[in-house]
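Encoded as structure tokens, the structure appears first; notes follow it.
The values are calculated or read from the model by the stated rules, or taken from the named source; none is laboratory data. It should be emphasised that the depicted structure is a prediction, and the values quoted were computed from it without experimental measurement. Virtual Cβ from ideal backbone geometry, glycine too; neighbours counted across all protein chains shown.
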Amino acid sequence: MTENDFSRRDFLKVLGWGGTAVALSGCGNTSIQDGQETVTSYVTLPSYVTPSISNYFNSTCAQCDAGCNIMGRVREGRVLKAEGNPNSPINRGRMCGLGLSGVQAHYNPDRVREPLLRTGDKGETITWDKALGLINEKLNGTKGTEIAFVTGGMSGHVQALLGNYMDELGSKNHFSYEAISPAVLRAANKKAYGESMPRYRIDKARVVVSFGADFLGAWVSPVHFSQQYAQFRKGSRPEGRGVLVQIEPKMTLTGANADRWIAVRPGTEGVLALGIINALGKAGLSIPADIAAVSHEYTTERTSKETDVSAEQIEKLAALLKERTPSLVLAGGAAEGYAHGSQNAAAIALLNRVLGNVGKTLEASASVPFPQIAPTVGSRSSLIALNDGLAAGKYKVVFSYGVNPVFSAPASMKFKDNFAKADFKVAFAQYMDETALAADLILPLDSAMEDWATVVPEYMAAPEGAGSNAYAQMSFRQPMMEKVFPDTRGVGDILLALLKQRTADKYKEFEDFYSYLRSAVLKNKVALGGKAGDDDEVFWNETLSKGIVPLKGIAGSVSAKASAAGLKLPVPTDADPSYPLRLIPAVSASMRDGRNANEPWLQESPDPLTTIVWDSWVEINPKTAAKLGIVEGDIVEVTSKSGSIKTQAYLFPGIHPDAVSVPVGYGHEAMGRYARGVGANVFGMLDSVFDKETGELALNETSVKISKTGQRVIIVKEEGPVGGSQAGKPKIAVQVSADKVDLSKEV
Amino acid sequence: MKCFLRSLTLLVGLFFYASSHATDALPTLTTPDDVGPVVEQPIEFPHFRHAGDAKDGGMQINCMYCHTYARRSMVAGIPPIQKCIGCHQSIESVRDKPRIQKLFEYWDAKKPIPWKKVHDLPDFVRFNHERHIQRFYFQQDRPYQEVCGYCHGNVKAMTVAQRQKPITMGWCASCHQKDHPVSANSSETGHGPNDCFTCHK
Ligand code: SF4
């Protein structure tokens, strides 16, 4: 290597050897320690590096599917922190706590470091050559229809490669699975507005009524919506300060921020929406005939009786919505997790049509012009299809990447047993999680801070201004430093190697995924914002340094076609006396579906509402708890028809007395030292009830009973004794009950 | 914790000691007790040959030719091997010397040289090279050997560097108490900051 002949990759390599400083504790009488620590020099140093001064590399967050654009702060070859990319229309320079914890996925001590092969009950370390050879061997003679690949939501060039691989294998069995997915929302939106993910404009609305959409915490693209929300709350906005009403049986972070939080009886959100439409009609708003034909049955009295929301409250809500336009009505997980979830969502969508919000606060989105890289979104229903196939012994070779169904499938699906029926299971894994443990071959993955990828978000935010209706974007994910563990590989590299086994010729020009990606990007230079005459190297470097590639997308359109035809909401029935309470699995802003549970920052950052750390809990309304004789810290057993968990009771006024709530994502049996054994896994005890239209698992359809075990603990939480010991008494958490709030100033 | 308290007491003590004596009775710049231990380095780098005066056979290279970050970063920086090779690949006369051979061994293997730190401040001290170089070298136009020498002593005469000054808090403060002219041609004077958080942050 000559003096100038180095690239960033070489530089990263060099850093891989260097930078080992041995920290010795020094506490002698001198304050400085000569000759104890090593100060390792660089071998070569690119001109943009100055020791002690950070460089920033643009990349994309991999902690959830929102796809926020980030910048990694890199100092002396180590990534130290992620920051938001200010040029991103998604997150505009901000990040969430979950995203910030991404560095802990990267430096995590429990990452899988070498390929592992199971023989019987034991695992042995093998080489990559042997691992890939083994896959080749198993695939030879296996029919395409006997091969399945399960992944999470995917997009970009890794997805394109996976698509090619599946084609080469002759398999159509790509299952895209997300444990917590807005699948019902997508279907309902598609029906009601013509688009599955329109752009929501909270910032333009004067009032937002959210039926359990936790858009500040865990819903769809929370950092993006938080920014919109900040605008929405500004009194200086031409529309004035917006009013937020949150309707949900269990208070979320968004609920805690709302002007009014309304505890609705679980599952009756659709009824309430129709009741509001009826009240709006009574208040003089003209309701389209087809809707009125359905909604007129939902008189305020009936609605109030079915939903537990007072008549006064319903009328106030209608008055608020009539007075303030445009408004925006959102439907979230809390309203959708039922057998009639799609019906609930459809009823809620009617409100947007009645209120004339479609086209104003619900805008058309745009999609990328390349279908191969457009996002494939995941859902629970695809897991059911995979599970059925496995149960029937249809699949011989199963690959899994980026998902953990053994952890997140309800026990009643018997996924683990069915998974075991496949002859050869390959897990692409960063951790030895539950699914990797059940696999035969484990391929250790690079972290998102070591790997190359492109990402196209499902929720396509756009910058303000002309052309935003056709704005689409692709973002880069690029390595920020040399690998922490040298023997891990990028998912793109593995797929490329597997493809070469099938069809060496087509891919021989690509040495690795990096060269594949680079050439794919350069081939489409013009579509990606370059000019035909641009120098390849310059274009590539500039594109990469920006991290965001704006594309002229295909503009969608939204229409107010939500119709009440076929809408049928069940009349709430009395609870089964043996399981009197409704279980609401809660999705918290930091733990989400539990895929990042081995990042200690997430375990130790207090839940925003209960302030509990490092454990699960069950939220019980103080009234219900008093009836059952439960006090805070009691270890209780929560039992459903399909299973049970034991966890600590937390008395919480922000939950409907008929419901209890346990956060999901806890209770791993594997994965790593920070996740294993912390809390209880509520996924396991869910009943297999599915949304009738989409086939999505109805998360909130499980009924439970609660019994004391006789044990009691002191809950480890941030809040002082006030919230804890007095939660059962009035005046602490709820100072003014929701229906006493004076709304005259808000209207 | 005990260690921390011990060093804290020591530091606070030193600070008061230094502040009370500083302006009138500065500690001598080098006393034998202050000289740090000889630190064995992977290559016995001859500072005197590179930075020494011409009359002593040195080449009078500016410190910042190699420690190039001192003027723009907190750390002065150990030069990348590439820098050494940049010159040495065309200095045939010393190519067969053992130290140079060793240097090329590292270079050929693309392995960094594990130098030992000679001035290793504790982690709770944040010393900034840039501020000092900008002030004394660029604004006040003092000779670099003098400026670097305030803290590093007479490097011109050393092989591998050896600590010359106490580099304790009291010692730092003794200089921060002193009045220095604010620029090369000014009669106005000012002294360095004495705020805790300037160095402890
Ligand atoms: S919402 Fe948070 S975790 Fe998700 S992509 Fe954005 S920063 Fe990352």
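Just the residues that are more than 16 Å from the chain's Cα centre (by Cα) and touching a residue at least 12 places away in the same chain (Cβ under 8 Å), please, taken from the range A:599-613. The answer is A:P600, A:W601, A:Q603, A:S605, A:P606, A:D607, A:P608, A:L609, A:T610, A:T611, A:I612, A:V613. How many of the residues making up the range B:95-123 are in a loop (DSSP other than H, G, I, E, B) and either modelled with pLDDT of 95 or more or more than 7 Å from every other protein chain (Cβ to nearest Cβ) (or both)? Total satisfying the criteria: 4. It is to be established whether one or more residues within the range A:295-312 are within 15 Å of A:L355 (Cα to Cα) and not in a loop (DSSP other than H, G, I, E, B). So far as the range A:295-312 goes, yes, one or more of its residues are within 15 Å of A:L355 (Cα to Cα) and not in a loop (DSSP other than H, G, I, E, B). Applying the set (1) surrounded by 24 or more Cβ atoms within 10 Å (Cβ to Cβ); (2) within 16 Å of the ligand (Cβ to nearest atom); (3) hydroxyl-bearing (S, T, Y) to A:S210 leaves exactly one unmet item: (2). For the range A:46-84, a residue qualifies if it is polar (S, T, N, Q), more than 17 Å from the chain's Cα centre (by Cα) and crowded, with 21+ Cβ neighbours inside 10 Å, and the qualifying residues are A:N58, A:S59.
Within the range A:512-558, track down each residue that is under 33 Å from the mean Cα position of the chain (by Cα) and among the acidic types (D, E). If the condition is that a residue be under 33 Å from the mean Cα position of the chain (by Cα) and among the acidic types (D, E), then A:D512, A:E542 are the ones that fit.
So in the range B:63-94, with the set limited to residues that are assigned to a loop (DSSP other than H, G, I, E, B) and exposed (fewer than 15 other Cβ atoms within 10 Å of the Cβ), which one is nearest to the other protein chains (Cβ to nearest Cβ)? Looking at the filtered set, the residue picked out is B:Q89. Scanning the range B:143-157 for residues that are more than 14 Å from B:M64 (Cα to Cα) and touching a Phe, Trp or Tyr at 6+ places or on another chain (Cβ under 6 Å) yields a total of 1. The set of residues in the range A:229-260 being more than 20 Å from A:S588 (Cβ to Cβ), within 16 Å of the ligand (Cβ to nearest atom) and buried (at least 24 other Cβ atoms within 10 Å of the Cβ) is empty.
Using the structure shown, decide if A:V660 is modelled with pLDDT of 95 or more and outside any loop (DSSP other than H, G, I, E, B). Yes. Any idea which residue in the range B:142-153 is surrounded by the most Cβ atoms within 10 Å (Cβ to Cβ), counting only those that are within 14 Å of chain A (Cβ to nearest Cβ) and in a helix (DSSP H, G or I)? Only one residue fits best here, namely B:H152.
Checking each residue in the range B:154-179 for being within 13 Å of chain A (Cβ to nearest Cβ) and either part of a loop (DSSP other than H, G, I, E, B) or among the aromatic types (F, W, Y) (or both) picks out B:V160, B:A161, B:Q162, B:R163, B:Q164, B:K165, B:P166, B:I167, B:T168, B:W171. A:S236 - would you say it is outside the structural domain of A:P405 (by TED's automatic domain parsing), outside any helix (DSSP H, G or I) and modelled with pLDDT of 95 or more? The answer is no for A:S236.
Scanning the range A:317-342 for residues that are in contact with an Asp or Glu (Cβ under 8 Å, 6 or more places away or on another chain) and either assigned to a helix (DSSP H, G or I) or among the hydroxyl-bearing types (S, T, Y) (or both) yields A:L320, A:G333, A:A334, A:A335, A:E336, A:Y338, A:G341, A:S342.
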